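Asks: A single structure is presented below for examination.
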């Protein structure tokens, strides 16, 4: 187990290093130098020529590429990455956006895991009947809707300021200042973000359950005279849930690492994603560099945790 | 089957007799493709979905015909100061704004609570009462929304289908190379896939899209201007490659161990022939399914990137930019955001339904799954 842990951590560190290289390639190497080059882009759209020259010096664009790379990494880890448009430190801004992003992701994660399993089980148990068909159609529509469009429409039709006043309109209220407002402001974003995943998980689980039901050991359980409920919960669900749990780990990390960007933007939640989205509109690159890199770091670290969790749960995964 | 007793009397004549007597509808050998076609043929839902998709593609392809002959304007033509006759009554395309009630969308007279200041109000849907002009209304620049919807659809479909085609071709090549050669080549390609799994798809798309959106791409002798549709197309195809490549590589890897590959090697086939005439036909059905489903996926991704400003750049319309434009006027003119959204949902839904049908027909045991 210790060897596995060490190896997995070592791999993760390597991936993180590779991530910094890719970010360097995307933002510094690809745009290139010269007029409208990297320095000008990083300076933002309202930059003066003097700003651009300063940035060129600071980031080392007149130096060899390894110096440029090193300066970028150094800025990332010592909180010296600054948005030249708003004069704010990127890491600090990301840190401030964390509570909203985590509140959104965790809540939505709980909702889509629960309802995804529920929908999948109902649909598989009643396979071929009306409820299964209705669920299949709804799930297909759910995965076909762009999440930001659903958000805009939901906000217009359901939230205050639109047509009805079931929910408060957007914005994030911190949990510590007012728990009830925190909850009521997040219900709609949670549901909107969860719709896609509910549809997706429901479909995956339905397929898995229908595959598992035909296995020999399920037939044996039925032949022993176990009740259908017990067979479903103890024998079928146990196996068919494994892929869903795997997916959940990956999806949750993707949502936290930046996947929630659209929902945050539409509902004005002031999370990390919205910070990145606003930066795009201002052509402000340093925040996008920061969010991309930290998002990828988070996913790498989270996947290590998920792997360790699995290794703990299932000894077969534990390699030597 | 000849019985034991009659074995001695079996002559060449009886053989021909037996052959003649054989029923007309003999069981012919069927290729997997014809079996799949047989399964697909009775899936009317899948065909309806395919029909819907083709209808949408045709409508968008005919955008310029609609623009010149029905609406009489272009996708970026500005009509802010003009008036249009609706049921014979002249109405200005963009009227002055004012305090608008958030719930009804009408002008507020006295009550200020629940009202919002709007700078200008474009004309709403005229539903063919204005001779085909502004069927779905105008946006705040006085541009015809129906025309923009069709042109936007054309761009969204070009980006969606184009990026899927590029993505699938690259992914298939990488999967074949990795699966066939194995060893360190496989190691490098799979590490490359793994590395891109570490980035959230949308974030990587935004990073590339926004890095390239400002001044385009000028490397390796290739020049792509910043407003070009090639940028979102290439960005999206690049981002999606691992999601198609990884499962395909797995399939190639297991096919590689099959006897028919060994037979091909024994016949002296080179790597090129084994990859393209032995392995490729065996993953072709998966590739086809992936292609259908990845188009649906990429249309949504294009819309998301354009909505955030990292995809198709304004004033070029696309369904994503149209939703982004319409968002600000959702209270007064909800159709501006509703119409492109409905177009996306219908397109993506039709592709998903058809893709499912295709999968049921080609791959009944469902090996192929797109994860995300």
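Bear in mind that the values in this text are calculations on the coordinates, not laboratory data. Computed from a prediction, not measured in an experiment: that's the story for all the values here. Glycine also receives a Cβ, built like all others from the backbone with ideal geometry; neighbour counts cover every protein chain displayed.
Asks: Any idea how far the Cα center of the stretch A:238-284 sits from the one of the stretch A:49-73, in Å?
Replies: Going from one Cα centre to the other spans 31 Å.
Asks: Out of A:216, A:132, A:251, any idea which swings most in a Gaussian network model of chain A, alpha carbons joined below 10 Å?
Replies: A:216
Asks: How big is D, in µm² s⁻¹, for chain A by Stokes-Einstein at 20 °C and 1.002 mPa s if Rh is the Kirkwood radius over C-alpha pairs?
Replies: Working: Rh = 22.5 Å.
Taking Rh from Cα pairs, D becomes 95 µm²/s.
Asks: In deg cm²/dmol, rounded to 500, what helix-only [θ] at 222 nm does chain A give when every DSSP H run of at least 4 residues adds -39500 (n - 2.57) and the total is split over its residues?
Replies: Values: 13 runs with 223 residues, N = 320.
After summing the helix terms and dividing by residue count, I get -23500 deg cm²/dmol.
Asks: When only alpha-carbon atoms are used, what values of Rg and Dmax, in angstrom, describe the stretch B:284-365?
Replies: Cα only, the stretch B:284-365: 15.5, 50 Å (Rg, Dmax).
Asks: If one computes the Cα centroid of the stretch B:30-79 and of the stretch B:221-276, what distance in Å separates the two points?
Replies: The distance from the Cα centre of the stretch B:30-79 to that of the stretch B:221-276 comes to 28 Å.
Asks: Right, another one. Taking chain A as a Gaussian network, Cα atoms linked when under 10 Å apart, which of A:205, A:14, A:196 shows the biggest mean-square fluctuation?
Replies: A:14
Asks: Let me ask something additional. Would you look at the GNM of chain A, springs on alpha carbons closer than 10 Å, and say which of A:279, A:227, A:174 moves the most?
Replies: A:227
Asks: If you take the beta carbon distance between residue A:7 and residue A:245 as r and set R0 to 25 Å, what does 1/(1 + (r/R0)^6) give as a FRET efficiency, to the nearest 0.05? Display every interim value, and only then the final one.
Replies: Numbers: r = 23 Å, r/R0 = 0.91.
Step by step, r from the Cβ atoms, then E = 0.65.
Asks: Also: Find how many whole Å separate the alpha carbon centroid of the stretch A:113-188 from the alpha carbon centroid of the stretch B:172-209.
Replies: 34 Å
Asks: Could I ask something else about it? Could you grab the relative contact order for chain A? Cα pairs under 8 Å, six or more apart, rounded to a whole percent. Don't jump to the answer; show the numbers that get you there.
Replies: Details: 380 pairs, mean separation 83.9, N = 320.
So the answer I get is 26 percent.
Asks: Pairing the Cα long axis of helix A:179-213 with the longest principal axis of chain A, what angle in degrees results, from 0 to 90 and rounded to the nearest 10?
Replies: Helix A:179-213 sits at roughly 50 degrees to that axis.
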